[in-house]
Every structure is written in structure tokens, then in C-alpha cells.
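The values are calculated or read from the model by the stated rules, or taken from the named source; none is laboratory data. Predicted model only: the values in this text are computed from it and were never measured. No Cβ is skipped: glycine too gets one built from the backbone with ideal geometry, and neighbour counts run over all protein chains shown. For the accessible areas, the whole protein counts, side chains as well, though only heavy atoms, and no ligand, DNA or RNA atoms are used. Shrake-Rupley method; radii C 1.70, N 1.55, O 1.52, S 1.80 Å.
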Amino acid sequence: MLATRYLTAIGLTAMATLMLELTLTRIFSVTMWYHFAFMAISLALFGLSVGAIYLYLWPKRFPAERLEPQSSAWMLAFAVTLPIIFAVIIRIPFDGGISWTSFRQLTLIYILAAIPFLLGGMAISLAFRHRSAWIDRVYFFDLVGAGIGCALTLLLLNVLPAPEGIIVIAMLGALAALLYGWSYLRLRQMSGGVLGLLALLLVIDGPLGVGIFQINRVKGVDEATERERVFEEWNSFSRIVGFRITNEEIEGWGLSGDPNRPTVAEQVLLLIDGDAATPVALFDGDPTAASYLLNDVTNLAYHLRQGAQVLVIGPGGGRDVLAALASGQSQIDGVELNPLMVQAVEEDFAYLSGNLYSLPNVNVTIDEGRNFIARADRTWDIIQSSLVDTWAATSAGAFVLSESNLYTVEAFQDYVSHLSEDGIFTMSRWFHGDRPTETLRMTAVALTALERMGVANPPDHVAVVIKPEALIATLLVKRSPFTAEESNRLVQLAGELGFTALQIPNRVAEPPLRDLVYNQNRADFWNNYPADISPTTDDKPYFFYTLRLGNLDDWRYEQGVSNMNNQGVFVLYSLLGIVSVLAVLTILVPLWWKRRRALTEAPGGPLYLLYFAGLGLGFLMVEIPLIQRFGLFLGHPIYALAVILFAVLVFSGVGSYLSGRLAQDRPQRVAIWIIPLLLILLTIYAFGLTPLLRSLLHWDLPLRIGFSILLIAPLGLLMGMPMPLGISVLDRARPELIPWMWGVNGATSVVASVLAMVVSLNIGLRGTLLVGMGIYALAWVAIWGIGWRMAVEEKAKGKGGKAEVAAGQFAVGR
């Protein structure tokens, strides 16, 4: 009973820390630019690792007989400090700029946010130190608790706003403290009291609307004073805020400079995570009243077709749907990722939108656009995707954007293959005259997709028109070649509406598009261009990141949105350096300073270092690309996170539990054959997973979720075994090295959380998986060497024993 209660508390501790990590990712995406949200993962690993090192350096402060009360005290501190720290963090005026002021603000946020992870890490580290004999069960409850926490986070964030979710996580910490200290009346009373106070705080901040944890400072702007906030809703992958605008020109970036742009009495602008914006469409029942939208360059395709079947990807506030109606199209389908958008248009602001999405010839489906099209068994005359941006980090990680899968070669193949014979696919992206990287990359993706589809002359199928003052370019891709009449019509429209044509088949070819479109070796063009404009693929879907590895400072020369996105890559590389230095200074240097003799005097110390460092790096180098790989199959990165991370953690926990049954007295031998099995399975997944998942996209979501879990289960089982097997080897052979190896594993995990994304940006998801496999192979070499060394030592001991017996017999004989 005592063991069960303690192990359950371990599971709750792991659950609370992982839920905090994912929730902070969501919150940081709102309060800071999404690329800073990525640090929540390294924060969690950093705090947990530092806790382990603190325990190791001052072991006399943590005697085994005080395990439960001390664990309870640490989790009480977690529960009490978490809401206080969060309230401070959301009031720090961080603007995301590259300056010393921003650096100091970010450092303060990082230090404060690491404190709860340090406190939770202490409770878990105490278990690893004083319950190493139970390592298989401790690791099982640790991983399964984290896996359940992953699933619960997604449920929690769809029920409560993320700030209130922080209070719930603190309550889980108090519950863990209660279980740890159950045998101690005072600790039981304190834990129960904190739990009750947190529940009261949840009621005060939520239903009573006091707003202690209301987020107002968003990306350096105080929303409370900027405009009138009339709408705010959260879910697991976004925060949408609506601002009322009165007596101004109607919102619409592609309408910039239009003399016919009307002024309206009231409109509402919806912002995703405080930045990516979409206006609620203004519809009074008369589509012709919205004809001004046809002056927008993003709606150019509607001048070429009448009575068409239309699909709008990411309709948001309904502007593109309204433009299709105004141009006389017969049926408009929309696929919108975010249910909060549909709620805002159809419920909260129906008096402005005129229930646009409920019209008889309008049908809006809540789904991820790429997944929806890949599974569709029909075609459309026009498929439109206009400036689909969220700039929002999902809980799957800050560089896993919701729209990443929309901008790949394979995605464009899906779009074109779902057009009618004379259909048009239209996509609009940002255009900056001096360096139009997004427009060039979008065009490169389209040309490559057409080539892969066997199109004889791709330039005949592609047109690009821009509106310079709006900084927007619209790409038109036809399944069949543009006719002479269509090319002439585009030239005419460009002149009438004040647009500039850059590429129209057989009529216009202007630089820099001309140099790309009509280049006999397009790869030479994009390889020699200052920014990386090479076509993005499903294996390397990072459309928005155009920095080259050799020139990371180049983000300064990008403009507008491209500057902000590429600043994120600069931040990622900077973060890799920062976490590497922090891992060395706070984990490895203290260990070397206080306990270097334990490492240098232990036979085989370097082999143990290589083994545990390999596990720390390899696990995340495999896990992170797998989460991204399943994003398209499951329909959204958040589903991939929920299913894949849950399955990896839970089945790794089961693998840990089974390792204790398999190992018996020879854990090193089990590890020696477990890792090759893992490598064989990873090889199959690296080369066979993508085509397999692609072939099963037509399955319903429950079947896809179940199949994903089945695929991950054997992988998780094998990935969960090497760590407890290694701890078991140490417990038998070198117990003094356990804290050292725990610290090394933690330090490399901190680095791997960022390194995996850096590697993926440069060599793709499959390449990252292969790197992870190589690291696991090095870990296998290390454990093989450890096993060989142990066998030699045992053999030497055996010979020594026999010699002692012989000497004794000789002495007796004499």
C-alpha cells in the first residue's frame, strides 16, 4: 500500500510537470512570438536536471528516511509558487526584439519559469536516488504519468483558458504533495489547505471574473488599452481575441490603396495569438454589396470563372467566402482548422456576418485543409488559399505550425489533382520587392509539383500577379495550360485594378520571377539566391524559414513577415547555444567540481558517459520528428502530439516495467540486444512510414488514431528499456555514478530538445530520425563495451577466487 501511494505520487508529479511544459508552450506563443515558445521544452528538462544535480551535490541533506516528507515539501512549494510566478511572468513587458533589454527580460522569464520544474524535479530525483531498487516501477509511473498528462493537457486547454489551466496544474502538484506526506499529519493538513485555496482561486479567477491571471501584455502590446476587446476564447492550439473597430476603412490587406475601399460604422478584427489577423466578413444578405472584395489581388481567380465550385482553405472570418459569393460562384465549400473562428462568425458576431457560413450554398467543415483535400474524392473549379497564417505554436512545439503542411510540393500536388480539368488553384503570400522570398519559394514549390506530376511545360500553367502597395502576390496554377484568352484577361485585369503582372504565360515575364520560372536549371537559381527558396516538402516542411546555415544573421535583411519568421530561426540557433552553455555550467561543471573522482576513478566511466548521453540525445531526436511526421496523417499537429507523445511515453513506461522482469541479474545483456531491435524498427519507420500513412489517409479519424498507437507501441516499448537497464547496471556495478549519469542524461536531453529542430530544419525529418538512430548505435557500442568489461572483471574475480581456495588448501595440507 505504501509503495502504491508513493508511486502514484510520482505519476502525479510527472503529470503536473509535463502539463506545465505544454501549457507554457501555448501561453508563451501568445505573450511572446511563437519561436520563443519553444524554450518551454528546454525549460522543463533544464529544471528537472538541475534538481537532480542539487540532490547529488548535497546528499546529506536528503537522507533516505526523509524521502516522503521531503518529496511532499517540494511539491507543496511547486503548488504554492507556480501561480505566483505565472502572475509575475505575464506582467513582464517582453517585446521579442533582438536587444539587451529584451535579452534581460527573456532571461528573467526563463529563470522564473524554470523554478517550478526545479521543484518538481527534486521530487522525481529523490525517487531515482532512494528507490533505485524499484527503478523499473518508478520509471513506469514517471512515464505513464507524463503520457496521461499529455492527453489531459489537450482536454484541459479545450475546457479552460490556459491561464486557469495553470491553477489546475498547481492543484495536481498539491495532490501529489498530499500523497507523499500522507503519513504526516501536518503535511496532510498543509497539502489539503493548499489544495482548497487553489480551488477557491480557480473560482475567483474564472467564474467570478476577477482576472488575476488575465493576459493583457501580448508581444509587447497592452491589449487592455489598445482597442476595445469584445471576444476572447482559448483552445489547445490558439487564443483568439476580437477587437471592435468603429468608423474606419474596412479591414483587408489586399485592399490597400483601393479608392473604392468603403468606410464602415463597425467591424471586428479577430487576432490569433495576438498577431495573425482576419476580419469578420460584413454581410447584409446582398452579395453584390461586397463587390469591393473583387478589387483585392487575392481574389483574382474569381474574375476568370463564373458559377464555379469553390473550396476555400482557411476562410477565417469569412472574407474569401464572401468574395466568392460576390463574384457569382455557385457553391462555396470551406475548410477551417479552428472551431473558434466558426464560433465567432456564426454565433458571437452573427449580426455582422449575417450567418454567412449557414447560407444554403456555403458549407464550412472544421478540419485541417491539407488532410481534408488529400482525403477528398471530388474536384473543385477553384481552390483558394489566401495568406493562411497563424504564427501560433501548438502544444506540439513552437516550430510545428498549424499551417506547415499547406506549403509543400506534395500539398500542391494534392491541390492540382483535386481541380477540375480547367480548374485554378490560387494562393496568396507576402511580397517584398527587394527580396520576395515567400513569393519565389511559393512559385518554386508550384513548378516542382507540376514537374513531378508529369506536366510537359510547367510555366504555361503558372501566373503571378502582385499588388505592390499591399505587399501581396497571388499565384495562379491551372491544371491545364492558360489559354491565350485567359492570359489576355489577366493582363487586362492587372491594368484595370492597379496590379502588376510578373508572370503570365506567353505574355509577361518580369524579374525576379522570370529568372526562376524560365531557368533551364532552377536548382541553380535557388541554390545561388541569398535566401533559401528551395521547394519545401513533407519531409522538410519549413516554408517560412529561409535562412541558410552559413549566414544566420541574414534575417536582418528580410522584410515584414519574413523578417519575423527568420528571426525565429536566429533565435532557435541562439537558444541551442544558450541551453548548451547552461547545461554545461549548471549540470556538468558542478558535477566535475564536486564529484569528479567518482567518474575518473570508476573503471569504464567514459563508456557510461557515452551510453547515457546517447540515450538523452537519441530519445528526443527520434520522438520530435515522429510527432511531426504523424501531423498530416492525424489531421493536425495537436492530434499528433496527443496520440504520439502519449503512446511513446505510456509504452516506454510499459517497456521500463518489462525491463525489470527481463533483466534479472544481467541487465547489460538485455540492453545489448534491445537496442539493435530498436534500430531495425526505426530503419523500417524511416523509409516505410510516410508511404504507409499516405495510403491510409482515407480512413476515419478514430481508425487513424488507433493505427497510430499500434505503430508507436512497439517503438515505445523498446525506447523505454535502455534507461532503466542502464541504471540497473550502475546499481550493481557503479552505484556512485547514478547521479552523474542522471545529470548527463538530463543535460543532453536539454540540448536535444533544441538540436532536434535545428537538425530537422537543415536535413529534414527523415534525416533527423537517421541521426537519432546513429546516436542510439553509439549507445549500443557503449553498452557492449560495458558488458565486455564486466565479463572480464567477473572472469578475473573467478580466477582470483580459485587461487585463494588453492592457497588455503595448500596451507592446510602443510
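Have a look at 473, 30, 741 and report the one farthest towards the positive end of the charge dipole of the chain, computed about the Cα centre with Cβ charges (Lys/Arg +1, Asp/Glu -1). Positive-most Cα among the choices belongs to 741.
Every Cα-Cα pair of segment 214-298 was included, and the share exceeding 19 Å stands at 45 percent. Put a dot 7 Å past the Cα of residue 291, heading toward its Cβ, do the same for residue 581, and the two dots end up 6.2 nm apart. Straight-line cross-link reach from residue 478 at under 14 Å between alpha-carbon atoms covers these aspartates and glutamates, not counting any fewer than eight positions away in the same chain: 381, 414, 421, 422, 451, 460, 486.
With r defined as the distance between the Cβ atoms of residue 185 and residue 61 and R0 fixed at 25 Å, what FRET efficiency is calculated, to the nearest 0.05?
Computed FRET efficiency for residue 185 and residue 61: 0.60.
Based on the Cβ-Cβ distance of residue 306 and residue 457, what FRET efficiency does E = 1/(1 + (r/R0)^6) give at R0 = 30 Å, to the nearest 0.05? Could you put the intermediate results ahead of the total?
Details: r = 28 Å, r/R0 = 0.92.
Plugging the Cβ-Cβ distance into 1/(1 + (r/R0)^6) gives 0.60.
Rounded to the nearest 10 degrees, the angle from helix 605-634 to the longest Cα principal axis of the chain is 30 degrees.
Of interest is the spacing of the C-alpha centroids, which for segment 632-665 and segment 308-342 amounts to 39 Å. Report the longest stretch of the chain that contains none of the chymotrypsin sites (Phe, Trp or Tyr not before Pro) sitting in a DSSP loop with at most 15 other Cβ atoms within 10 Å. Longest site-free region, per DSSP loop and neighbour criteria: 185-517. Projected label points at residue 5 and residue 107, each 7 Å from Cα along the beta carbon direction, are separated by 4.5 nanometres.
What's the extension gain from residue 225 to residue 794 if we count 0.36 nm per residue and subtract their Cα-Cα distance?
Details: separation 569, 0.36 × 569 = 204.84 nm, distance 7.35 nm.
Extra length from residue 225 to residue 794 when fully extended: 197.5 nm.
Give the accessible surface of the chain per residue, rounded to a whole number of Å², with probe radius 1.4 Å and ligands, DNA and RNA excluded.
Working: 29620 Å² over 814 residues.
On a per-residue basis, the chain sits at 36 Å².
Rolling a 1.4 angstrom probe over segment 111-270 with all protein chains present gives an accessible area of which 59% lies on carbon and sulfur atoms.
Other residues within the sphere of radius under 15 Å centred on the Cβ of residue 517, judged by their own Cβ, net out at 0 (K and R +1, D and E -1).
Take the Cα of residue 666, step 7 Å toward its Cβ, do the same at residue 355, and the gap between the two points is 7.4 nm. Our note on the geometry: Cα centres of segment 112-182 and segment 749-787, 27 Å apart.
Taking each DSSP H run with n ≥ 4 as -39500 (n - 2.57) and averaging over every residue of the chain yields -19500 deg cm²/dmol at 222 nm.
For residue 318, what charge total do you get from the other residues with a beta carbon under 10 Å from its beta carbon, if Lys and Arg give +1 and Asp and Glu give -1?
Numbers: positive: 319; negative: 320, 336, 346.
Around residue 318, the surrounding residues sum to -2.
When both bridge partners sit in the chain, DSSP labels roughly 70% of those beta bridges antiparallel.
Take the Cα coordinates of the chain, assign each an equal point scatterer, and use the Debye formula without solvent to give log10 I(q)/I(0) at q = 0.04, 0.05, 0.09 Å⁻¹. Values returned for q = 0.04, 0.05, 0.09 Å⁻¹ are -0.19, -0.30, -0.88. On the basis of the beta-carbon distance and an R0 of 35 Å, residue 781 and residue 703 show a calculated FRET efficiency of 0.30. Once backbone amide H atoms are built at 1.01 Å from N, residue 232 has 242 as its partners under 5 Å, excluding neighbours fewer than 5 places away on the same chain.
Say the dipole of segment 182-280 comes from +1 at the beta carbon of Lys and Arg and -1 at that of Asp and Glu; which of 245, 198, 278 then lies farthest toward its positive end? Result: 198, furthest along the dipole toward the positive end. Other residues with beta-carbon under 15 Å from the beta-carbon of residue 148 carry, at +1 per Lys or Arg and -1 per Asp or Glu, a net charge of -2.
With a cut-off of 12 Å, note down the residues of segment 425-463 whose backbone N falls inside the zone around a label point 7 Å from the Cα of residue 518 toward its beta carbon. Once the point is set 7 Å along Cα→Cβ of residue 518, 459-460 turn out to lie under 12 Å by backbone N, inside segment 425-463.
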